[in-house]
1. Going by how many other Cβ atoms sit within 10 Å of their own, how do 82, 74 line up, fewest first?
2. Just the ratio, please: alpha-carbon radius of gyration of region 2-108 over 2.2 N^0.38 Å, N its number of residues.
3. Obtain the nm distance between the two label points defined at residue 68 and residue 6 by a simple spin-label model: each point lies 7 Å from its Cα along the Cα-to-C-beta direction.
4. Could you list 41, 92, 85, 12 so that the one with the fewest beta carbons within 10 Å of its beta carbon is first and the one with the most is last?
5. To make sure I understand, if each residue's beta carbon is the centre and we count other beta carbons within 10 Å, what order do 76, 35 fall in, fewest to most?
């Protein structure tokens, strides 16, 4: 999973970055096929906003939270996204699973051919 963390209107500290990465790792427990995750953190006067966008299969799932504490905002945004991931996963089970595995292999398969490489 490709992770990207963006801070707007403030400097991203190591503690906030560690907390954000730790919370983003929780997502893989609920869904394995996450292509990328982008967390946008924004600070205004008394508003701490966290928005999480996740790309899975062929869809984007997002969750956002607005609290007075940035750490709480991150947790709430991840929790909202997890609930959406669970719902999405339930819908996928009713579809064709072979289509999902083909798409997963095409996204994760390297573009080089091993047989053509000189060793």
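1. Sorted ascending by nearby Cβ count, the order is 82, 74.
2. 1.15
3. A separation of 2.9 nm, rounded to one decimal place.
4. With the fewest neighbours first, 41, 92, 85, 12 line up as 12, 92, 85, 41.
5. 35, 76
Coordinate-derived values only; no laboratory data. Since we're looking at a predicted model, the values are computed, not measured. Using ideal geometry, Cβ is built from the backbone for each residue, glycine included, and neighbour counts are taken over all protein chains shown.
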